[in-house]
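Participant: Okay, handing you the structure first.
Nothing in this text is a laboratory measurement; each read-out follows from the coordinates by a stated rule. Just so it is clear, the structure is predicted and the values come from calculations on it, not from any experiment. In this analysis, Cβ positions are derived from the backbone assuming ideal geometry, glycine residues included, and neighbour counts consider all displayed protein chains.
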Amino acid sequence: MLNPIHLRTLQECVRTGSFAEAGRALGYTASAVSQQMVLLERAIGSPLFERSARSARSTALAIRLADRSRDALGALDSLEREVRAMVAGEEGSLRLASFATANARVLPDVLAAVVSQRPNAEVQLDEGEPDEVLGGVLDGTVDAAVVFEYDLDPRQWPIELCVEELMAEPLRLALPETHRLAHHAEVDLRELADDAWICTRQDTAGARSLVRLAAAAGFVPRITFRSNDYSVIRDLVGRDLGVAVLPGLAIPDQAVRICRIAGWQPYRRVKALYRKQNTNPLLPMALECLAKSCALVANDWHADPHES
């Protein structure tokens, strides 16, 4: 294989017509240039210079090789710059996955921040429930996934993954504006034992958490509507079709009344999952942006009048 250092030296020798001049241009001694050209001649199996005591005249082969190597060395220089940019995180790709409410409230700021800081990087986002995106993190097709875990439905994450908690979403009651308890800041779940309930699908952590919350209050919730889309749940509550428990990211600005649950405070915890061996230089930046965005959202909850 031809040595690119020798080829660059050859180009200077052909350009200047002198080993000494080529050495001065490249920072080598004339002897070092001569040794490089000997090695290059051995590599190609043919002389490149007509040597005399005072000069080294380029052969036609040397001139042609110097000319033909320019494009190859230019491409190599370009590749080196691209590799440095990828190592520094200036280029490359970042693949994230998250669940719907985090995609609506948290990820837009994260993606905007990453793209702003690394405009040449390719940033991708997918959406899915925790079990739907977990496989992508494990097999490396996703750099990091934002997932959730309910206090009332704890789970174990694969030991080969790093797990960082980003925030804890308080669970709140969502009541229609016309509900008899709508203007209470705090509601005991036992007072809602006879109400119709709206929640996520039966096989979800949110649904299991509701059943366990109700069980602790001494009743089985009568669930009349189910949807995994919290905007649908909010609309149904707003139309006086039932009550619901919402995690913080799904709490609306208006249309329904939000109350605290009396007693202990249950949470849905938002976490970031990523492989311990992931060396993507864009990942630390994304995790930092995630932490900042989640902190801002959590601060908004504490500033909410319902939280005071």
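Participant: Taking the Cα centroid of the range 120-134 and of the range 13-32, what is the distance between the two, rounded to the nearest whole Å?
Facilitator: Centre-to-centre (Cα) distance: 54 Å.
Participant: Rounded, prolate or oblate for the range 86-244? Axes are the square roots of the Cα gyration tensor eigenvalues, ordered a ≥ b ≥ c, and the cut-off for rounded is a/c under 1.5.
Facilitator: On the way: a/c = 2.92, a/b = 2.07, b/c = 1.41.
It comes out prolate by the Cα gyration axes.
Participant: Using only the Cα atoms of the range 134-177, what are the Rg and Dmax in Å?
Facilitator: 14.4, 47
Participant: Ok, one more. If amide H atoms are built 1.01 Å from N in the plane of the peptide, which residues on other chains or at least 5 residues away come under 5 Å of the amide H of residue 177?
Facilitator: Counting only residues 5 or more places away or on other chains, the set is 257.
Participant: Fewest to most neighbouring Cβ within 10 Å: what's the order for 93, 227, 34, 116? Present the calculation step by step, with values, prior to reporting the outcome.
Facilitator: Details: 93 12, 227 16, 34 20, 116 9.
Least crowded to most crowded, the residues run 116, 93, 227, 34.
Participant: A follow-up question, please. Please give the direction-averaged projected area of the C-alpha convex hull for the range 172-264, in square nanometres with one decimal.
Facilitator: Working: hull surface 21.0 nm².
Across all orientations, the range 172-264 yields a mean hull projection of 5.3 nm².
Participant: Please grab the % of Cα pairs in the range 4-87 that end up more than 20 Å from each other.
Facilitator: Details: 1189 of 3486 pairs.
For the range 4-87, the share of Cα pairs beyond 20 Å comes to 34 percent.
Participant: Can you tell me how much longer the chain between residue 194 and residue 3 gets when fully stretched, taken as 0.36 nm per residue apart minus their C-alpha distance, in nm with one decimal?
Facilitator: Values: separation 191, 0.36 × 191 = 68.76 nm, distance 8.18 nm.
Full extension of this stretch gives 60.6 nm more.
Participant: Sticking with this one: Could you give the length gained on full extension between residue 183 and residue 278, defined as 0.36 nm per residue of separation minus the Cα-Cα distance, in nm?
Facilitator: Details: separation 95, 0.36 × 95 = 34.20 nm, distance 4.93 nm.
The span from residue 183 to residue 278 would gain 29.3 nm if fully extended.
Participant: Another one. Write down Rg/Rh for the chain, rounded to two decimals, with Rg from the C-alpha atoms and Rh from the Kirkwood relation over Cα pairs.
Facilitator: Details: Rg = 32.5 Å, Rh = 24.2 Å.
Answer for the chain: 1.34.
Participant: Now for a different question. Residues of the range 164-181 with amide nitrogen under 11 Å from the 7 Å Cα-to-Cβ point of residue 225?
Facilitator: 176
Participant: Moving on to the next point. Going by C-beta contacts inside 10 Å, put 233, 63 in order with the fewest on the left. Don't skip to the answer; put the middle values down first.
Facilitator: On the way: 233 26, 63 13.
The order, fewest Cβ neighbours first, is 63, 233.
Participant: Out of the DSSP beta bridges found with both residues in the range 170-308, what percent are antiparallel (nearest 5)?
Facilitator: The antiparallel fraction comes to roughly 50 percent.
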